[in-house]
Amino acid sequence: MKKMKQDGEKLTMITAYDYPSARLAEEAGVDMLLVGDSLGNVVLGYDSTVPVTIDDMVYHSRAVKRGAEHTFIVTDMPFMTYHGGIDETLKNVRRIMQEGHAHAVKMEGGMEICLAVESIVKSGVPVLGHIGLTPQSVNQIGGYRIQGKDEQDARRLIEDAKALERAGAFGVVLELVTEEVAAEISRQLSIPTIGIGAGRGCDGQVLVYHDVLKYDSDYREKRFVKTFADIGNEIRRGIREYVQEVKSGQFPGKEHVFHADDSVVDSLYGRGKVDARS
């Protein structure tokens, strides 16, 4: 990944939460998969990522690994699983790696988590940092606000990114950061930056699977997202057609059924009776 940054090759990352989505993403050629705690919103129906547990992340990470055996998989450390003692943090990391079969973990925060990042990296686990808009801290930062809009905030983000690099992170996600600040962070770091709503100067991009494909029953447009397909409407149309055909008797048709041998038909209905297959 550092070589891709050096060569100017953009990194591609997308979230995945289950076997089929991971398999399709791998077949499409994505560089990395993120088992994001965003699954709380888009899969489990929560209104934030806060309720997501380590058990949730392990379960979904394991499914993603089965679907994408040849792709680098990063799994989120969920809310409050790396803010206690280092022993507890490493225990949770171990579960993500051993039970969830991830290749790396992602952690939200800047300088305040660097000691944990350093300890995790020293234990042999790659860490992807995440600064800017950090959904696990949305209650503390006052909602989903753009980061890096003034000089003080810009300097804070730059220092957080540098601190994560010094702690050993192999990359940093920049979420909802102004384009100018994200570009400057990308310039100053030797490790890759991966943007989501952070403009064109990042070394790569990540988006949520359900946003890319408009996979939702009540999809809400987001300024920083481009949707590349609308499978939500296609799914709804297909299921609606299925319901209509079952109710009308059109499905199943004769091409969807199986027939028994004549001897079985005779024993069930009696010889000479009307053939049940007609």
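Being touching a Phe, Trp or Tyr at 6+ places or on another chain (Cβ under 6 Å) and free of Cβ contacts under 8 Å to residues at least 60 places away in the same chain: is that true of residue 130 here? Here the answer is no, as residue 130 does not meet what is asked.
Selection of region 56-94 for residues being among the charged types (D, E, K, R) and surrounded by fewer than 24 Cβ atoms within 10 Å (Cβ to Cβ) yields 56, 62, 65, 66, 69, 87, 88, 91, 94. Every condition in (1) surrounded by 11 or more Cβ atoms within 10 Å (Cβ to Cβ); (2) touching a residue at least 12 places away in the same chain (Cβ under 8 Å); (3) under 20 Å from residue 43 (Cβ atoms) holds for residue 259 except the one numbered (3).
Check whether at least one residue in region 223-241 is on the phi > 0 side of the Ramachandran plot and part of a loop (DSSP other than H, G, I, E, B), and report yes or no. Within region 223-241 (the criterion being on the phi > 0 side of the Ramachandran plot and part of a loop (DSSP other than H, G, I, E, B)), the answer is no, since none of the residues qualifies. Consider region 216-245 and keep the residues that are of a type in the set (Phe, Trp, Tyr), under 30 Å from residue 47 (Cα atoms) and free of Cβ contacts under 8 Å to residues at least 24 places away in the same chain. The one that is surrounded by the fewest Cβ atoms within 10 Å (Cβ to Cβ) is 228. A search for C-beta distances below 7 Å between a residue of region 90-111 that is under 20 Å from residue 67 (Cβ atoms) and in contact (Cβ under 8 Å) with a residue 24 or more places away in the chain and any residue that is in a strand (DSSP E or B) and of a type in the set (Asp, Glu), counting only pairs 6+ apart in sequence or on different chains, returns 106/76.
The number of residues in region 170-184 that are aromatic (Phe, Trp, Tyr) and in contact with a Gly (Cβ under 8 Å, 6 or more places away or on another chain) comes to 0.
Of all the listed residues (93, 64, 58), the sole one being over 20 Å from residue 195 (Cα atoms), under 11 Å from the mean Cα position of the chain (by Cα), assigned by TED's automatic domain parsing to the domain that holds residue 219 and not in a loop (DSSP other than H, G, I, E, B) is 64.
Yes/no matrix, rows are residues, columns are (1) part of a loop (DSSP other than H, G, I, E, B); (2) of a type in the set (Asp, Glu); (3) surrounded by 11 or more Cβ atoms within 10 Å (Cβ to Cβ); (4) outside the structural domain of residue 147 (by TED's automatic domain parsing):
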position	(1), (2), (3), (4)
162	no, no, yes, no
165	no, yes, yes, no
172	no, no, yes, no
182	no, no, yes, no
206	no, no, yes, no
210	no, no, yes, no
247	no, no, no, yes
252	yes, no, no, yes
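Return yes or no: is residue 52 surrounded by 20 or more Cβ atoms within 10 Å (Cβ to Cβ), free of Cβ contacts under 8 Å to residues at least 40 places away in the same chain, in the same structural domain as residue 12 (by TED's automatic domain parsing) and in a loop (DSSP other than H, G, I, E, B)? Yes, satisfied. Here residue 151 meets each of (1) surrounded by fewer than 23 Cβ atoms within 10 Å (Cβ to Cβ); (2) in contact (Cβ under 8 Å) with a residue 12 or more places away in the chain with one exception, condition (2). None of 101, 70 is in contact with an Asp or Glu (Cβ under 7 Å, 6 or more places away or on another chain), more than 23 Å from residue 134 (Cα to Cα) and assigned to a loop (DSSP other than H, G, I, E, B) except 70.
The values are calculated or read from the model by the stated rules, or taken from the named source; none is laboratory data. Quantities reported herein were computed from a predicted structural model and do not represent experimental measurements. With ideal geometry, Cβ positions are generated from the backbone for all residues, glycine too; neighbour counts draw on all protein chains shown.
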